[in-house]
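Quick notes on the structure that follows.
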Amino acid sequence: MERTFLECGEKLRGRADQKFCSPQCRSSYNNRENREEAAYFRQVNKILKKNRDILIRLSEGKPTKVKRIKLYENGFRFDFVTHKERNPDGTTTFFCYDRGFEELDEDYVSISAAKKDLL
Ligand SMILES: [Zn+2]
């Protein structure tokens, strides 16, 4: 198979390990990689932020027991959390930044108050 430069697809001429034909080619490749990475972080962050907003909205900022379905209806993504904390009673609180929730049973979750001193 013919080997080509990573960015522009030009045929490889130089050293065997050379990936780019020019500094311009290297930097346009790196810029695009960085852009894609930044876009990915933005996407994940958006989901986490939306999760946090939902937790605040459904609890009005106070500890509250709510139906799990309520969170789903608002677009909550249970698979997107920032971290988790083991409670003394053996339960786990999952966090989206400073807002947490605990799964009580199949139908209910409990939303906890804001917590800022985690890290
Ligand atoms: Zn090139």
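The values are calculated or read from the model by the stated rules, or taken from the named source; none is laboratory data. No experiment lies behind these values; they were computed from the predicted model shown. Ideal geometry is used to build each Cβ from the backbone, glycine not excepted, and the neighbour counts take in all protein chains shown. Each accessible area value is taken on the protein alone, full model and side chains, heavy atoms only, with ligands, DNA and RNA left out. Shrake-Rupley method; radii C 1.70, N 1.55, O 1.52, S 1.80 Å.
Some observations on this one:
- Exactly one residue out of Glu60, Glu73, Glu36 is exposed (fewer than 15 other Cβ atoms within 10 Å of the Cβ), under 30 Å from Glu2 (Cα atoms) and either in contact with a strand residue (DSSP E or B) (Cβ under 9 Å, 6 or more places away or on another chain) or without any contact (Cβ under 8 Å) to a residue 60 or more places away in the chain (or both), and it is Glu36.
- Considering residues of segment 94-110 that are within 14 Å of Tyr72 (Cα to Cα) and in contact with a helix residue (DSSP H, G or I) (Cβ under 7 Å, 6 or more places away or on another chain) only, the residue most open to solvent (accessible area, probe 1.4 Å): Asp107
- Thr91 β-branched (Val, Ile, Thr), surrounded by fewer than 13 Cβ atoms within 10 Å (Cβ to Cβ) and at negative phi: yes
- For segment 87-106, a tally of residues being among the charged types (D, E, K, R) and in contact with a strand residue (DSSP E or B) (Cβ under 6 Å, 6 or more places away or on another chain) returns 2.
- Residue among Asp17, Asp53 that is charged (D, E, K, R) and under 30 Å from Ser110 (Cβ atoms): Asp53
- Close pairs from segment 8-22: first closer than 19 Å to Arg32 by Cα, partner more than 10 Å from the ligand (Cβ to nearest atom) and open to solvent by 100 Å² or more (accessible area, probe 1.4 Å), Cβ under 8 Å, at least 6 apart: Cys21/Arg13
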